[in-house]
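Student: First the structure, then my questions, so here it is.
The values are calculated or read from the model by the stated rules, or taken from the named source; none is laboratory data. The shown structure was predicted, so the numbers you read here are calculated from the model rather than taken from an experiment. With ideal geometry, Cβ positions are generated from the backbone for all residues, glycine too; neighbour counts draw on all protein chains shown. Only protein heavy atoms, including side chains, enter the accessible area calculation; ligands, DNA and RNA are left aside. Shrake-Rupley method; radii C 1.70, N 1.55, O 1.52, S 1.80 Å.
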Amino acid sequence: MTDIHERPALSPTAFLDVRDLRIHFATDDGLVRAVDGLSFSVERGKSLAIVGESGSGKSVTSLGILGLYNKRNARVSGQIFLDGQELVDASPDAVRALRGQKMSMIFQDPLSSLHPYYTIGWQIEEAYRVHNNVSKAEARTRAIELLRRVGIPQPDKRVDDYPHQFSGGMRQRAMIAMSLSCNPELLIADEPTTALDVTVQAQILDLMQDLQQEYNSAIILITHDLGVVAELADDVVVMYAGRAMEYGTVSDIFYSPEHPYTWGLLASVTRLDRERSERLQPIPGNPPSLINVPPGCPFHRRCRYEALNGGKQRVERPALEESGPGHYVACHLPVEERRRIFRDEVATLL
Amino acid sequence: MPNVIQYIIRRLILVVVLMWIVSMVTFAIFFLIPSATGTSPAVLFAGKAPTPDTVKSVEIKFGLKDSIPVQYAHFVEGIFVGRHFDNGADKSYCPPPCLGFSFVNNQPVWNEITSDLPVTLSLAAGASIMWLVSGTAIGVLSALKRRSFFDRAAMGLALAGVSLPIYFTGLVLLDLISYNWQILPNVHYVGFTDNPLSWARNMLLPWISLTFLYAALYARLTRAGMLETMSEDYIRTARAKGLSESRVITRHALRAALTPIVTIFGLDLGQLLGGAILTEYTFGLIGIGHLSIDAISRQDLPVIMGVTLFAAFFIVFANLVVDVLYAFVDPRVRYS
Ligand SMILES: Nc1ncnc2c1ncn2[C@@H]1O[C@H](COP(=O)(O)OP(=O)(O)OP(=O)(O)O)[C@@H](O)[C@H]1O
Ligand code: SF4
Ligand SMILES: [Mg+2]
């Protein structure tokens with residue numbers, strides 16, 4: 001039994017292990033480096049949160065794990081191991097067989113992510129039947145059972161409803177029911193609660209936690225909501241411009257964060273424990289264009305401590321280095337300096 | 001399901017209202033055209049250089065001296081129950097649906113229309129199937145193989161198709177296939193019931209010309225629809241389920257991309273059933289389009305009215321069919 005505080009984060013035995021993932025898109029304007037050298041891992045039964053401003057590459061990362069990129073313009077390199085099986089170089093058919101079964105995803109916007117012309121039941125049945133050789137009747141029973149499981153009232157009736165007949169919260173539940181249809185071992189939830197009111201949010205998150213305990217699945221949770229992160233996640237990746245700026249346990253990130261970008265994110269949420277669902281806009285300026293990411297530290301144009309780097313931040317990209325057990329930071333500042341700044345200047349503001 | 005029935009009833013009421021409006025507008029033609037040309041309907045009907053007596057008896061027979069609302073009422077009545085025309089000396093009965101008698105040959109307008117209808121029906125039925133199948137198939141393939149040679153060639157051809165008038169493509173086809181190469185010589189209409197094979201052979205060139213025109217449009221619409229659908233979130237969801245690409249395309253993408261085509265198809269077909277004037281003239285076919293032009297050139301007012309009403313009926317009816325079909329294919333319509 002290894003404690004998450006002690007295990008090396010880039011464990012070769014982890015259930016999901018992402019190593020130096022790069023996803024670049026060739027576009028008319030140039031090469032978009034949406035994900036650029038990202039590494040993390042998730043164990044069974046654990047939750048990893050990915051946080052970062054809009055456009056930092058969170059969704060591209062999760063779609064990349066499922067192999068849902070357009071082969072025509074996406075260039076993917078690095079390695080993704082799922083339960084020991086490498087996915088980046090695997091054949092599309094091999095990845096497809098895992099998709100929806102071993103790994104599945106809850107999408108950001110449930111209304112546009114459900115097909116408007118098919119009933120909720122049909123769509124769940126389809127997800128179940130692709131991977132299970134069962135009759136239509138069995139699939140229907142399964143769909144009703146799943147809808148009941150996610151808390152849809154009168155599931156035997158609502159199973160024949162169309163997505164537009166469901167409320168926002170119910171659609172999200174239906175989406176969750178669909179992604180759980182084959183008991184996935186890896187569940188990726190891309191902002192599963194953004195569009196929902198607070199009560200429904202809480203219910204959905206409880207539901208995900210229950211299901212995780214039941215099936216011991218690994219969860220990747222993408223969210224803007226640091227409150228949710230604090231509640232649900234074991235580990236956190238802080239992403240910026242397609243890279244990890246900081247990576248560690250929830251307590252590392254919330255109680256001893258070492259990266260100036262993480263500080264900025266935390267500062268955006270005043271009263272962390274009470275206020276939720278605030279979009280992160282604290283840091284002055286905008287994220288860099290992913291076509292022309294500045295050389296060196298991608299954050300340097302917005303960093304308050306840029307001057308302390310002696311020019312290095314403009315030429316050399318800081319590596320993601322271990323600053324404590326399982327706690328990784330990509331910043332040129334010396335560890336003691338970072339800790340001192342956090343203790344003396346930042347912590348008091350949070 | 002009661003939703004669907006309600007919906008259909010609402011649409012039916014709309015159809016009745018629309019037809020009523022169309023009939024009034026059409027009826028107005030009957031009076032507007034003569035007043036514009038300065039010749040009364042009675043004079044037109046009575047033929048060349050009529051005597052005042054003949055004009056008078058025509059006026060009495062057809063009730064042309066009645067007030068306009070009364071004449072309209074008789075006109076509508078005729079459509080439903082038929083009409084007796086009588087001026088004492090000269091009696092004639094016009095069975096329902098009575099649209100009056102042709103000024104030119106004194107035949108009931110309804111007979112004129114029904115005798116030319118098979119040509120129009122043949123033209124529309126064959127061409128619409130051909131263009132629907134080929135247009136959507138090409139559109140889908142183009143979208144799936146975007147920027148490929150096939151896509152570029154098909155879209156180039158489609159551009160030619162939508163921009164070339166039917167008499168141009170029709171005449172080129174006739175010149176090459178019918179006259180020069182004698183593959184399908186002497187295009188003329190043969191009834192379907194007389195000889196189905198000969199019917200199809202003779203209709204082939206008109207069908208191809210119409211198909212070239214319409215399929216081009218359908219290919220472009222389908223391609224655009226497919227490209228849009230393929231980038232929808234729900235297509236990503238379908239892939240995320242682990243479905244095969246072919247299932248993603250057929251069950252998820254096509255289903256959504258082809259739905260708007262239903263609307264356009266219904267309307268195009270409805271319009272074509274009201275007569276394809278240029279196609280009929282190009283190939284010397286005597287259909288509803290030909291009848292309408294003929295009637296206009298001879299100022300045969302009852303026939304003009306009849307054909308207009310008839311064409312309008314097809315368009316309104318096609319609208320109804322499209323709306324009902326749409327309710328079946330798009331649940332969002334059904335339940336709103
Ligand atoms: N297929 C693509 N082609 C080109 N650029 C893309 C493509 N997909 C994503 N991008 C770009 O990659 C960047 C990262 O996008 P991503 O959707 O991962 O951001 P995100 O972190 O999920 O943001 P949000 O919080 O708004 O959801 C964006 O700038 C986006 O424009
Ligand atoms: S490397 Fe320098 S510029 Fe970049 S985050 Fe650290 S302190 Fe800021
Ligand atoms: Mg996103």
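Student: Please give the FRET efficiency for residue B:231 paired with residue B:297, using the beta carbon to beta carbon distance and R0 = 41 Å, rounded to the nearest 0.05. Provide the component values of the computation, followed by the final result.
Tutor: Working: r = 52 Å, r/R0 = 1.26.
Plugging the Cβ-Cβ distance into 1/(1 + (r/R0)^6) gives 0.20.
Student: Which Rg and Dmax, in Å, describe the Cα atoms of chain A?
Tutor: 20.6, 68
Student: Given the protein chains as shown and a 1.4 Å probe, how many square angstrom of residue A:103 are accessible, to the nearest 10?
Tutor: 0 Å²
Student: For the range A:33-177, give the magnitude of the charge dipole about the Cα centre (Cβ charges: +1 Lys/Arg, -1 Asp/Glu; no others), in debye to the nearest 20. Could you put the intermediate results ahead of the total?
Tutor: Details: 20 positive and 15 negative charges, 27 e Å.
Roughly 140 debye for the range A:33-177.
Student: For residue A:79 and residue A:340, calculate 0.36 nm times their separation in residues minus their Cα-Cα distance, and state this gained length in nm to one decimal. Walk me through the numbers on the way to the answer.
Tutor: Details: separation 261, 0.36 × 261 = 93.96 nm, distance 3.59 nm.
That pair, residue A:79 and residue A:340, stretches by 90.4 nm at full extension.
Student: Round to a whole number: what % of the accessible area of the range B:74-147 belongs to carbon and sulfur, probe 1.4 Å?
Tutor: Working: 2170 of 3550 Å².
Exposed carbon and sulfur together represent 61 percent of the surface.
Student: Still on this structure, please answer the following. Just to verify a number: what accessible area does residue B:325 come out at with the full protein assembly present, 1.4 Å probe, Å² rounded to tens?
Tutor: Here the accessible area works out near 90 Å².
Student: Next question, about the same structure. For the protein assembly as shown, what is the number of Lys pairs with C-alpha distance below 28 angstrom, counting only pairs 8 or more positions apart or on separate chains?
Tutor: Lysine pair count for the protein assembly as shown: 24.
Student: Order B:131, B:110 by their accessible area, 1.4 angstrom probe, all chains in place, largest first.
Tutor: On the way: B:131 0, B:110 85 Å².
Of B:131, B:110, the descending order of accessible area is B:110, B:131.
Student: Please check the range A:91-122 for residues whose accessible area, probe 1.4 Å, is lower by 50 Å² or more when all protein chains are in place than in their chain alone.
Tutor: SASA drop of 50 Å² or more in the range A:91-122: A:96, A:107, A:112, A:115, A:116, A:117, A:118.
Student: Next question. What ranking of A:115, A:164 comes out by heavy-atom accessible area, probe 1.4 Å, highest first?
Tutor: Largest to smallest exposure gives the sequence A:164, A:115.
Student: How big is the dipole moment of the protein assembly as shown about its Cα centre under a simple scheme where the beta carbon of each Lys and Arg is +1, that of each Asp and Glu is -1, and everything else is neutral? Debye, nearest 20, please.
Tutor: That gives the protein assembly as shown a dipole magnitude of about 820 debye.
Student: Along each of the three principal axes of the Cα atoms of the protein assembly as shown, give the extent in whole Å, ordering the values from largest to smallest.
Tutor: If we take the Cα atoms of the protein assembly as shown, the spans are 119, 58, 52 Å.
Student: Rounded to the nearest 10 degrees, what's the angle between the helix A:198-215 long axis and the longest principal axis of chain A, both from Cα atoms, 0 to 90?
Tutor: Its long axis makes an angle of about 80 degrees.
Student: For an R0 of 35 angstrom, estimate the FRET efficiency from the Cβ-Cβ distance between residue B:56 and residue B:194 and round to the nearest 0.05.
Tutor: 0.15
Student: Please work out the C-alpha center-to-center distance from the range A:286-350 to the range A:20-88 and express it in whole Å.
Tutor: Computed from Cα coordinates, the inter-centre distance equals 22 Å.
Student: Related question: Along Cα→Cβ, 7 Å out, is where each label goes; now give me the distance between the ones at residue B:321 and residue B:29 in nm to one decimal.
Tutor: 2.2 nm
Student: Here's something else I'd like to know. Might you work out the accessible area of residue A:135 for me, using a 1.4 Å probe with all protein chains in place, and round it to the nearest 10 Å²?
Tutor: Probe radius 1.4 Å; accessible area of residue A:135 about 50 Å².
Student: Can you tell me the length gained on complete extension of the stretch residue B:14 to residue B:245, counting 0.36 nm per residue apart and subtracting the Cα distance? Intermediate results must be reported in sequence, preceding the final value.
Tutor: On the way: separation 231, 0.36 × 231 = 83.16 nm, distance 4.24 nm.
Length gained between residue B:14 and residue B:245: 78.9 nm.
Student: Using the alpha-carbon atoms, what tilt in degrees (0 to 90, nearest 10) does helix A:120-131 show relative to the longest principal axis of chain A?
Tutor: Taking Cα atoms only, the helix is inclined about 80 degrees.
Student: Still on this model: How long, wide and thick is the range B:7-63, going by the Cα atoms along their three principal axes, in whole angstroms, largest first?
Tutor: Cα spread of the range B:7-63 along its principal axes, largest to smallest: 56, 23, 13 Å.
Student: If each of residue A:93 and residue A:112 carries a label point 7 Å out from its Cα toward its Cβ, how far apart are those two points in nm?
Tutor: Here the answer is 3.3 nm between the modelled labels.
Student: Right, here's the next one. What's the carbon and sulfur percent of the range A:26-117's accessible surface, probe 1.4 angstrom, rounded to a whole number? The partial results should precede the final answer.
Tutor: On the way: 1530 of 3440 Å².
Carbon plus sulfur share of accessible area: 44 percent.
Student: Moving on. Report the label-to-label distance for residue B:160 and residue A:289 in nanometres (one decimal), using points 7 Å from each Cα along the Cα→Cβ vector.
Tutor: Those two pseudo-labels are separated by 4.1 nm.
Student: Consider a paramagnetic label point 7 Å from the Cα of residue A:70 along Cα→Cβ; state which residues of the range B:248-276 have an amide N under 11 Å from it.
Tutor: Zone members listed by number: none at all.
Student: Could you tell me whether the range B:246-336 comes out rounded, prolate or oblate from its Cα gyration tensor? Rule is a ≥ b ≥ c as square roots of the eigenvalues, rounded for a/c under 1.5, then prolate if a/b exceeds b/c, otherwise oblate. Show your work: numbers first, answer last.
Tutor: Details: a/c = 6.40, a/b = 2.23, b/c = 2.88.
Oblate.
Student: Same structure, new question: Assuming 0.36 nm per residue, please report the length gained on full extension of the stretch residue A:154 to residue A:198 beyond their Cα-Cα distance.
Tutor: Working: separation 44, 0.36 × 44 = 15.84 nm, distance 2.31 nm.
Residue separation times 0.36 nm, minus the Cα-Cα distance, leaves 13.5 nm.
Student: Return one whole number: the accessible area per residue of the protein assembly as shown in Å², for a 1.4 Å probe. Don't skip to the answer; put the middle values down first.
Tutor: Details: 31460 Å² over 686 residues.
With the other protein chains kept in place, the protein assembly as shown gives 46 Å² per residue.
Student: Enumerate the helices in chain B for which the Kyte-Doolittle hydropathy averages 1.6 or more and the C-alpha atoms extend at least 20 Å along the helix's axis, using complete DSSP H runs. Numbers along the way, then the final one.
Tutor: Working: long enough: B:2-37 (52 Å, 1.76); B:109-144 (50 Å, 1.19); B:149-163 (21 Å, 1.13); B:196-230 (43 Å, 0.58); B:255-273 (27 Å, 1.23); B:301-329 (41 Å, 2.27).
Those that clear 20 Å and a mean of 1.6 are B:2-37, B:301-329.
Student: What is the interface area between chains B and A, defined as buried accessible area summed over both chains with a 1.4 Å probe, reported in Å² to the nearest 100?
Tutor: Values: alone 17830 and 15990 Å², together 31460 Å².
Separately minus together, B and A give about 2400 Å² buried.
Student: Moving on to the next point. Is chain B rounded, prolate or oblate when judged by the Cα gyration tensor, a ≥ b ≥ c being the square roots of its eigenvalues, rounded requiring a/c under 1.5 and prolate requiring a/b larger than b/c? Could you put the intermediate results ahead of the total?
Tutor: Values: a/c = 3.02, a/b = 1.68, b/c = 1.79.
It is oblate, given that a/c is not under 1.5 and a/b is not larger than b/c.
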